[in-house]
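Trainee: After the structure tokens below, expect a handful of questions from me.
Rule-based calculations on the coordinates, nothing more; no lab input. As the structure is a prediction and not an experimental result, all values here were calculated from the model. Virtual Cβ from ideal backbone geometry, glycine too; neighbours counted across all protein chains shown.
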Amino acid sequence: MLMPRKRAILAAHRWLGFASALFLVILALTGLLLNHAAPLGLHDITVRSGFLLGQYDMLGKGDVRSFRVGEGSVISHLDRGLYFNGVHFATAGPVVGLHKGEAFFVVATTDQLTYLTEDGELIEAVSTAVLPFEEILYLGISESADPVVVSHEGQFLPDDEWLAFTKYDGTFRVSPLEESAPSGELLDAILEHHQGQGLSLYRVLLDLHAGRLFGWGGRTAMDLTAVAILLLVSSGIAGWLRKARRGRGFELRK
Amino acid sequence: MANFWTGLVIILALAGGVLMPLAGAQVLLEPEKFIEENFEEEPEQKVLWLKKDIKAEIADLLGHPYKGLRIRYWMHEDRTAWVLEEIGKVQPITAGFVVEEDAIVKMQVLVYREVHGWEVRYPFFTDQFKGLGMKKGRLSKKIDGISGATLSSNALIRLSKLALYLDDKVSQ
């Protein structure tokens, strides 16, 4: 009869083997494919699956939000990218307000005010970290038709250059942002910038092999699998030695 | 056996505790606080418009064009403060610079977003920038980089040149 400690080791060995089997199969298969990447042409095969693109923070067409500003200009937002007529100009959170001033456009996002020339050239991107408010909610219009920044910390009136902001307690109105459907050409330009040429199958397999495809959790799972292999090897060898020793003792006794 | 599992849990918890702060952006000091801390009286907020010649000179200093047509800064008497950003490896590093009489008074990393190279935020590195000036596009003293944080060190060296250059422009 087995001693309780030995039984526990045997049970741990069995369950560790079951738990790590799937990951070991993934490791072995992806390892085999990666070892023959060149003849299989893995670098040249591109993947555009929505799920995989999502894993790489690459969003699809449905995630692009576009708004018309001025005459024939479109501001779009995808992930943390801001685009003017399909050309990337800044990195910021979701768009919450747009204002067309005399000299420039203002794009308000939750975490930033971005100023653009009428041609879409970036003037300045000002993080709320250096502004008197932390999170912008909307852009509104005061009774005297001046722009108002509505934030969690209250309402503020910008000066002509949108440099300094003064607290405003008067009334204001907010018009909801009207989204416009961007043209296919514009969408393609935005996605091209965001996704590049797509993902190579080699990259996907490599990240699956290392667990990186599923972020921190995936990497940890693969790390634990590696540790499990070491434990399985040592408990397997220990078990084999024990049996061998017991067998030798049995033969000597005979 | 119980000791083994307890040990494993402790090691994993420790590893998690060390690695977790390294993920994502680390706001080390709010830029607004940096400005507050470095002026005895409230400074005036101004902007420097970047004309073509200035943009060209900045591109020379940084090694790439600067995105934007104006840069915000804070000024009181001879002292100016700048909150600037530059890519380390893939993510921008936000750093604050205080310049007075053509020399850096203080450099501080405000937001660090890279996974590697975070050692640049420590005083043993940032203190090297104190008293630094610039002559003919070169810093007056050599900054010792940090092995393993070369790109971040270089990004901050470029930004220090930019801060000195910009201070010179607004002080003229």
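Trainee: Which whole-Hz couplings ³J(HN,Hα) result when phi for each residue of the range B:159-168 is put into the Karplus expression 6.51 cos²θ - 1.76 cosθ + 1.60, θ = phi - 60°, listed in order with x for Gly and Pro?
Mentor: 5, 5, 5, 4, 4, 5, 5, 5, 4, 4
Trainee: Follow-up question, since we're still on this one. Enter the mean projected area of the convex hull around the alpha-carbon atoms of chain B, in nm², rounded to one decimal. Don't jump to the answer; show the numbers that get you there.
Mentor: Details: hull surface 47.4 nm².
Mean orientational projected area (chain B, Cα hull): 11.8 nm².
Trainee: For A:115-122, what's the mean count of beta carbons from other chains sitting within 10 Å of each residue's beta carbon?
Mentor: Per-residue shielding by partner chains comes out at 2.
Trainee: Let me ask you something else. Assigning unit charges at the beta carbon (Lys, Arg +1; Asp, Glu -1) and nothing else, what dipole magnitude in debye, to the nearest 20, does the protein assembly as shown show about its Cα centre?
Mentor: 4500 debye
Trainee: So what are the radius of gyration and Dmax for the Cα set of the range A:110-158, in Å?
Mentor: 11.6, 32
Trainee: So the label point goes 7 Å from the Cα of B:ALA103 along Cα→C-beta, right? Which residues of the range B:141-172 then have their backbone N under 12 Å from it?
Mentor: B:141
Trainee: Considering only the other residues whose Cβ falls under 10 Å of the Cβ of A:HIS152, what net charge follows from Lys and Arg at +1 and Asp and Glu at -1?
Mentor: -3
Trainee: Report the GluC sites (Glu not before Pro) located in the range A:50-131 that are in a DSSP loop and have at most 11 other Cβ atoms inside 10 Å of their Cβ, or state none.
Mentor: A:GLU71, A:GLU102
Trainee: On to the next question. Between A:LEU22 and B:GLU42, with labels modelled 7 Å along Cα→Cβ, what's the label distance in nm to one decimal, could you check?
Mentor: 6.0 nm
Trainee: Taking the convex hull of the alpha carbon atoms in the range A:127-253, what volume per residue do you get, in Å³?
Mentor: Convex hull of Cα atoms, per residue: 241 Å³.
Trainee: I'd like the mean, over residues of A:128-135, of how many other protein chain beta carbons sit within 10 Å of each residue's own Cβ.
Mentor: 4
Trainee: Pick from B:GLY133, B:GLY68, B:GLY96 the residue whose mean-square fluctuation is largest in a GNM of chain B, springs joining Cα atoms under 10 Å.
Mentor: Checking each option, the largest mean-square fluctuation is seen for B:GLY68.
Trainee: When chain B is treated as a GNM, springs tying every alpha-carbon pair under 10 Å, which of B:ALA149, B:ALA95, B:ALA81 comes out with the largest mean-square fluctuation?
Mentor: B:ALA149
Trainee: Evaluate the distance, in nm, between pseudo-label points positioned 7 Å from the Cα of B:LYS142 and of B:GLN91 along their respective Cα→Cβ axes.
Mentor: Reported label-point gap for B:LYS142 and B:GLN91 is 3.1 nm.
Trainee: Give the average, rounded to an integer, of partner chain Cβ atoms located within 10 angstrom of each Cβ in A:210-222. Working shown, then result.
Mentor: Values: counts 0, 0, 0, 0, 0, 1, 4, 0, 0, 0, 4, 0, 0.
The mean count of partner-chain Cβ atoms within 10 Å per residue comes to 1.
Trainee: Write down the Å³ per residue value for the convex hull defined by the alpha carbon atoms of the range B:88-138.
Mentor: 84 Å³
Trainee: Here's a follow-up. Averaging the inverse of every distinct alpha carbon separation and then flipping it gives the Kirkwood radius. What is it for the range A:61-195, in angstrom units?
Mentor: Value: 15.1 Å, from the Cα pair sum.
Trainee: Here's something else I'd like to know. Against the globular-protein guess of 2.2 N^0.38 Å, express the Cα radius of gyration of the protein assembly as shown as a ratio, rounded to two decimals.
Mentor: Values: Rg = 28.7 Å, N = 426, 2.2 N^0.38 = 22.0 Å.
The protein assembly as shown yields a ratio of 1.31.
Trainee: Right, here's the next one. Using only the Cα atoms of chain A, each taken as one equal point scatterer with no solvent, compute I(q) by the Debye sum, divide by I(0), and report log10 of the ratio at q = 0.10, 0.14, 0.18 Å⁻¹.
Mentor: Log10 of I(q)/I(0), two decimals: -0.70, -0.96, -1.26.
Trainee: How high is the relative contact order of chain A, given as a whole-number percent (alpha carbon pairs under 8 Å, six or more residues apart)?
Mentor: Details: 358 pairs, mean separation 50.9, N = 254.
Contact order relative to length: 20 percent.
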